[in-house]
Every structure is written in C-alpha cells, then in structure tokens.
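Since the structure comes first, as structure tokens, the remarks are kept for the end.
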Amino acid sequence: MRVLFWYCDHFDWVPAFQALPDAAAADPAENENCVVAFVHIEPHDVEPESSGETKLVKNAKWLARKWQITNIILHSFTHLGEEKAEAGEARALLDRTQKRLEKAGYSVMQTPYGYFLDLKIQAKGHPLARVFKQF
C-alpha cells in the first residue's frame, strides 16, 4: 500500500469521468480542515495476513491528531504504483477502514469510487501537510 496524506484547508471535488461502469452515482462535495489519504491499494494489501489496513488507520489517526482535527477523507488513487488490487477488494478495504476510523470517533467520508474527479486542493506549506507512507 502506498498513501500520500494531505492536510487540506479545503478539498473539493466534482465527478468528471466515470471509470468503472458499475460505479454508483456521484455528487460533488466541499470539505474544510481535513486529512485526505490518497490510497493506492496493491494486491498483497487485500490478503488476510496483510497489515496495510491497520497501518492506514493508524497513520490517518496520527496525522489527524497532529492537526487536531477529526475529518478524514479516503480517496482511492491507483496512480502511486504499477500493481493494483482488484476494484471490489480495494473498495472493501476502504469501507472497512472507514468503519474503523468512525468507531474511533472520526468523521470519515470517501470520494466517489470509480470516478476521475476534478479536484480543488488548498493545502498549507508545512512539512506535515504532505506525508508519504509505503506499507
């Protein structure tokens, strides 16, 4: 798993192109003060013995605590590596991650799965505003 975390003052999206034919209808959204995880899920990440999901949860919580916020956005981003997990398995991992973060008291949402999005990102010029992790 590869994750590029951003702390964003604003992170907005508008669905631009439906990449998966069975993707659910998608709406635009505007968000403030959030940690956004651009998540690239690889085939080994969906294996039962993988610790990627737990590490994603822990790192998202760590960064949100650093910024003293509770808003986290999970964004499937299959452009950080060559190998990628099957779409259904990757989506299930993101859904489980969301539930775990919500259970820990975070407000979590996901960008529309199966879409390319027009993004509007406003992020601080701070060392903890962009953090890359590979698990």
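The values are calculated or read from the model by the stated rules, or taken from the named source; none is laboratory data. This one's a predicted model, so the numbers in the text were calculated from it and none came from an experiment. Note that each Cβ is placed from the backbone with ideal geometry, even for glycine, and that neighbours are counted across all protein chains shown.
The residues of the range 71-80 that are at pLDDT below 95, surrounded by 13 or more Cβ atoms within 10 Å (Cβ to Cβ) and not hydrophobic (A, V, I, L, M, F, W, C), listed by number, are Ser76, Thr78. Figure legend. Inter-residue proximity from the range 62-80: first residues in contact (Cβ under 8 Å) with a residue 12 or more places away in the chain and of a type in the set (Ser, Thr, Tyr), second residues surrounded by fewer than 16 Cβ atoms within 10 Å (Cβ to Cβ) and not in a loop (DSSP other than H, G, I, E, B), beta-carbon distance below 7 Å, spacing 6+ or different chains. Indicated pairs: Thr70/Ser107. Got at least one residue in the range 122-132 being touching a Pro at 6+ places or on another chain (Cβ under 7 Å), surrounded by 14 or more Cβ atoms within 10 Å (Cβ to Cβ), assigned to a strand (DSSP E or B) and at pLDDT 95 or above? No, that holds for no residue. Restricting to the range 110-131, give me the number of residues that are more than 15 Å from Ile73 (Cβ to Cβ) and aliphatic (A, V, I, L, M). Qualifying residue count for the region: 1. Of all the listed residues (Lys58, Lys103, Lys66, Lys99), the sole one being modelled with pLDDT of 95 or more, closer than 15 Å to Gln134 by Cβ and either surrounded by fewer than 18 Cβ atoms within 10 Å (Cβ to Cβ) or among the hydroxyl-bearing types (Ser, Thr, Tyr) (or both) is Lys58.
Does Phe135 meet the test of being under 19 Å from His10 (Cα atoms), at pLDDT below 95 and aromatic (Phe, Trp, Tyr)? Taking the combined requirement at face value, the residue does not satisfy it.
Considering only residues that are surrounded by 21 or more Cβ atoms within 10 Å (Cβ to Cβ) and among the small types (Gly, Ala, Ser), look in the range 27-55 and name the one that is modelled with the highest pLDDT. It comes out as Ala37.
Among the residues of the range 87-116, the ones that are within 18 Å of His40 (Cα to Cα) and either touching a Pro at 6+ places or on another chain (Cβ under 6 Å) or charged (D, E, K, R) (or both) come to 6 in all.
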